[in-house]
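The values are calculated or read from the model by the stated rules, or taken from the named source; none is laboratory data. Nothing here was measured: the structure is a model prediction, and the numbers come from that model. Counting neighbours? That spans all protein chains shown, and the Cβs are built from the backbone with ideal geometry, glycine included. Surface areas here come from the heavy atoms of the whole protein model, side chains and all, with no ligands, DNA or RNA. Shrake-Rupley method; radii C 1.70, N 1.55, O 1.52, S 1.80 Å.
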Amino acid sequence: MSSVSSNRGYAEIHLGAFEHNVRELKSKVKTQLMIVVKADAYGHGAVPCALAARSAGADWLGVAYVDEALQLRHNKVAGPILAWLLHPEDNFEEALSESIDLSVSTLDQLHRINQVAQKLDVEASIHIEIDTGLSRSGIPLENLETWLTEVKNSSHCKLISLWSHLAASEDLSHRANEVQLQNFQAAIQLADEIGVSYEFVHVANSAATLLSPELHFGMVRCGIAAYGVTPGGDVGDIKSHNLRPVMRIVSEIAQVRRLETGDGVSYNHTWIASKPTNVGLIPVGYADGIPRSAGNKAQITYQGKQFPIVGTVCMDQFVVDFGDEDIRVGDEIEIFGNGIDAHTFNQTTGGIGYELVTRIGSRLEKRYVDSHEHL
Ligand SMILES: Cc1ncc(COP(=O)(O)O)c(C=O)c1O
């Protein structure tokens, strides 16, 4: 029996494809473009992707946490960066010194940021998220008037944008879309009546960018589409939007064995060979981000053809049924990427492409391809 190959697997990140996607998204809109690089750029590497996004023409970069924004600054990523999920212990002093735009969602945050800005003698660039129906973060419409008045009276805060986030933008027939748009328009109208000045408004994520030009407003905030993964629903196949997958998870066959009819595979024998067959061991598992639930559901790609994962996915390995294919130890396989895209792979497990790419474990080295000067 052969030993496990040292080339266990890696995440190939095609920065050329990423830049293509950023340029393509930019060409689809007449507004500013934010590329969302939170969660380590959806698992693709925050700093290389942020630098590549900038060089491909992204006007803004978006992150959830202040720490994520500071990580970019510490790595020489310049230009506008917005962080939208603040925490009481965030270092607002450093954030303002580093010119990070902050989206505030409590009055306490607003007051603290104003105080820090006063102390530093700078003007804080702030943004307000309005909850138009997601019922997650953001300011409820009924509190907006109080809020806008507070912002108007904040001596060291400048309001840059009003924004919201959509609940079901990939599902064009969902009634939340219409309700959220109406609420957003009501919020803009209120701000205009109160006479608060701001620079622009925005609501669109990837799906709304690709499907709903009426939602583009002053900026679109694209995450998943920039990584060449579909948000699903009515967006359909990402390649039909001329966007390319950026991440491929590549591994190789570590062991080959012939099974006989009736042989059970992996924990609890959730798959039993119904005829003699060649199976290959892939030395990547759920500790590397391949969902355990992909067993007996998802397929991988080998030499342009698809083959099923059989039995339970283990922590470090899973088994693929190659039938009568003449497989060899060391042969390369692609778990997902170009052959089977991340969304299709993970849909079989009841998940979405977002989950798959953001959860790739640290044991899989990221190998950047077509990286220009971004590393
Ligand atoms: C506030 C906000 N805007 C934009 C995005 C980007 O969404 P998508 O990846 O669907 O483009 C996200 C991601 O979840 C988000 O939280």
Margin query: Loop only by DSSP, 12 or fewer other Cβ within 10 Å of the Cβ. Give me the trypsin sites (Lys or Arg not before Pro) in segment 278-375 that pass, ordered by residue number.
Written below: Arg328
Notebook entry, point to check: Which of rounded, prolate, oblate describes segment 1-108, given a ≥ b ≥ c as roots of the alpha-carbon gyration tensor eigenvalues and a/c under 1.5 marking rounded, otherwise prolate only if a/b is larger than b/c?
Noted result: oblate
Notebook entry, point to check: Given a Förster radius of 41 Å and the C-beta distance between Phe200 and Asp326 as r, what FRET efficiency does 1/(1 + (r/R0)^6) yield to the nearest 0.05?
Noted result: 0.10
Check: Which whole-number percent gives the relative contact order of the chain, counting Cα pairs below 8 Å spaced six or more residues apart?
Finding: 19 percent
Margin query: Rounded, prolate or oblate, given the Cα gyration tensor of segment 15-228, with a/c below 1.5 counting as rounded?
Written below: oblate
Next item on the list: Take the alpha carbon gyration tensor of segment 247-369, find the square roots of its eigenvalues, order them as a ≥ b ≥ c, and report rounded if a/c is under 1.5; if not, report prolate when a/b exceeds b/c, else oblate.
Entry: prolate
Check: So what does Lys119 come to for accessible area, using a 1.4 Å probe and Å² rounded to 10?
Finding: 150 Å²
Notebook entry, point to check: Which of Gln306, Ser154, Leu172 sits closest to the plus end of the dipole of the chain, meaning its Cα is farthest towards the positive end, when Lys and Arg get +1 and Asp and Glu get -1 on the C-beta?
Noted result: Gln306
Note to self: Apply the Karplus curve 6.51 cos²θ - 1.76 cosθ + 1.60, θ = phi - 60°, to the phi angles in segment 35-47 and return the couplings in whole Hz, x for Gly and Pro.
What the structure shows: 9, 8, 10, 5, 6, 6, 6, 6, x, 9, x, 4, 5
Note to self: Which GluC sites (Glu not before Pro) in segment 63-114 sit in a loop by DSSP (not H, G, I, E or B) and have at most 15 other Cβ atoms within 10 Å of their own Cβ?
What the structure shows: Glu89, Glu98
Item checked: Per-residue [θ]222 nm for the chain (sum of -39500 (n - 2.57) over DSSP H runs n ≥ 4, rounded to 500) -> -8000 deg cm²/dmol
Notebook entry, point to check: Within the P(r) computed for the chain, what percentage of the Cα pairs occupies the region above 30 Å?
Noted result: 46 percent
Check: Using a 1.4 angstrom probe and counting only protein chains, how large is the accessible area of Met34 in Å², to 10?
Finding: 0 Å²
Check: How much of the DSSP beta bridge set in the chain is antiparallel, as a percent to the nearest 5?
Finding: 45 percent
Notebook entry, point to check: What GluC sites (Glu not before Pro) does segment 131-163 have in DSSP loop regions with at most 14 other beta carbons within 10 Å?
Noted result: none
Item checked: Charge sum, other residues only, whose C-beta stays under 15 Å from Pro276's C-beta, Lys/Arg counted +1 and Asp/Glu -1 -> -3
Notebook entry, point to check: Probe 1.4 Å, all protein chains in place: accessible area of Ser293 in Å², nearest 10?
Noted result: 50 Å²
